[in-house]
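Asker: There's a structure below that I have some questions on.
The values are calculated or read from the model by the stated rules, or taken from the named source; none is laboratory data. Just so we're clear, the structure is a prediction, and the values are computed from it rather than from any experiment. Positions of Cβ are generated from backbone atoms using ideal geometry, with glycine treated the same way; all protein chains shown enter the neighbour counts. Please note that ligands, DNA and RNA were not included when accessible areas were found on the heavy atoms of the full protein model with its side chains. Shrake-Rupley method; radii C 1.70, N 1.55, O 1.52, S 1.80 Å.
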Amino acid sequence: MAMTRLDLQRLAQIKFDDAILLLANQRYCNAYYLAGYAVEMALKACIARQIRQEEIPDKALIEKVFTHEYGKLIGLSGLSAELKNAQDSDHQFQAYWGITAEWSPNDRYAIIDSMSAELLLTAIGDPEHGVLRWIKMHW
């Protein structure tokens, strides 16, 4: 199934909005898990921005896009230097990125407490220093 950059942007926001609803209803494990996927979708939207219309992308690039690892997605999106600059200039963002970067798709098997879920959603969704706000500047 083909996905456009706009599809990925919408899905990132939908998944994060759903994570907020889950958190509000004390469904901490799924709120945590879904919030992490929102970041993944947002980073993939940044990668999609680089793919030119009417051009076949490199097969190796396309295969690499299917990772869940934020570090690799940051590299593929070309945002490594921007991430370092943002972390150096905004210590709150740096802390939030550190919290967010701990997420893994393997967390679907974890029992997540309320504090961990609230911390991750704050790190991702903070309107001034949050990870999703930063990614949206680049997607």
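Asker: Can we say GLU128 is outside any helix (DSSP H, G or I), among the acidic types (Asp, Glu) and either more than 15 Å from the chain's Cα centre (by Cα) or under 22 Å from ARG10 (Cα atoms) (or both)?
Answerer: Here the answer is yes, as GLU128 does meet what is asked.
Asker: State which residue pairs qualify: first residue within 11 Å of ILE20 (Cβ to Cβ) and among the hydrophobic types (A, V, I, L, M, F, W, C) and inside segment 116-135, second residue in a loop (DSSP other than H, G, I, E, B) and open to solvent by less than 40 Å² (accessible area, probe 1.4 Å) in any location, beta carbons under 6 Å apart, and separation of 6 or more residues or different chains.
Answerer: Note: pairs meeting the criteria are ILE124/GLY130.
Asker: Condition (residue is outside any helix (DSSP H, G or I) and hydrophobic (A, V, I, L, M, F, W, C)) applied to segment 20-42: is it met by at least one residue?
Answerer: no
Asker: Show the residue pairs that are 6+ apart or on different chains and have beta-carbon atoms under 6 Å apart, the first residue being within segment 84-100 and farther than 15 Å from VAL39 by Cβ, the second being modelled with pLDDT under 95 and surrounded by fewer than 18 Cβ atoms within 10 Å (Cβ to Cβ).
Answerer: Going by the 6 Å Cβ cut-off, there are no qualifying pairs.
Asker: Output the number of the condition that PRO57 fails; it satisfies all remaining conditions of (1) at pLDDT 95 or above; (2) of a type outside the set (Asp, Glu); (3) part of a loop (DSSP other than H, G, I, E, B); (4) open to solvent by less than 60 Å² (accessible area, probe 1.4 Å).
Answerer: Of (1) at pLDDT 95 or above; (2) of a type outside the set (Asp, Glu); (3) part of a loop (DSSP other than H, G, I, E, B); (4) open to solvent by less than 60 Å² (accessible area, probe 1.4 Å), only one is false for PRO57: (1).
Asker: Looking only at segment 83-94, how many residues end up being loosely packed, with under 15 Cβ neighbours inside 10 Å, closer than 25 Å to LYS64 by Cα and of a type outside the set (S, T, N, Q)?
Answerer: Total meeting the criteria: 1.
Asker: Out of everything in segment 15-50 that is without any contact (Cβ under 8 Å) to a residue 24 or more places away in the chain and surrounded by fewer than 18 Cβ atoms within 10 Å (Cβ to Cβ), what residue ends up being nearest to ILE124 (Cα to Cα)?
Answerer: In this case the residue turns out to be ASP17.
Asker: How many residues are of a type in the set (Val, Ile, Thr) and in a loop (DSSP other than H, G, I, E, B) if we restrict to segment 100-125?
Answerer: Final tally of qualifying residues: 2.
Asker: A further question on this structure: Can you find even one residue in segment 1-10 that is within 13 Å of the chain's Cα centre (by Cα) and open to solvent by 40 Å² or more (accessible area, probe 1.4 Å)?
Answerer: So far as segment 1-10 goes, yes, one or more of its residues are within 13 Å of the chain's Cα centre (by Cα) and open to solvent by 40 Å² or more (accessible area, probe 1.4 Å).
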